[in-house]
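Q: Handing you a structure now.
Throughout, read-outs are computed from the coordinates displayed, never taken from laboratory work. The structure presented is a predicted model; accordingly, all values stated were derived computationally and were not measured. Glycine also receives a Cβ, built like all others from the backbone with ideal geometry; neighbour counts cover every protein chain displayed.
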Amino acid sequence: MAKKGVRIHIEMESEETGHRYHTFKNKQNTAERLKVKKYDPIARKHTEYTEKK
């Protein structure tokens, strides 16, 4: 059987509209909360997404 690994499932939520993306991150390399600019289809522009859990 394969090992569990260090990658965990996270949700990224838009600060403007609440839209969410689902992705994975390596918790050993990035222990703090992730912040990324991604496209928000509700606002129809790029906005800041932060990790929610």
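Q: Out of the residues in the stretch 15-37 meeting the condition of being in a strand (DSSP E or B) and polar (S, T, N, Q), tell me which one is surrounded by the most Cβ atoms within 10 Å (Cβ to Cβ).
A: Applying the filter and picking the extreme gives Thr23.
Q: Asp40 is checked against (1) free of Cβ contacts under 8 Å to residues at least 24 places away in the same chain; (2) more than 12 Å from the chain's Cα centre (by Cα); (3) surrounded by 11 or more Cβ atoms within 10 Å (Cβ to Cβ) and fails just one. What number does that condition carry?
A: (1)
Q: Something else: Tally up the residues in the stretch 38-53 that are among the β-branched types (Val, Ile, Thr) and not in a strand (DSSP E or B), please.
A: 1
Q: Can you tell me which residues in the stretch 27-43 are more than 15 Å from Lys53 (Cα to Cα) and in contact with a strand residue (DSSP E or B) (Cβ under 6 Å, 6 or more places away or on another chain)?
A: Passing the criteria: Val36, Lys37, Lys38, Tyr39, Asp40.
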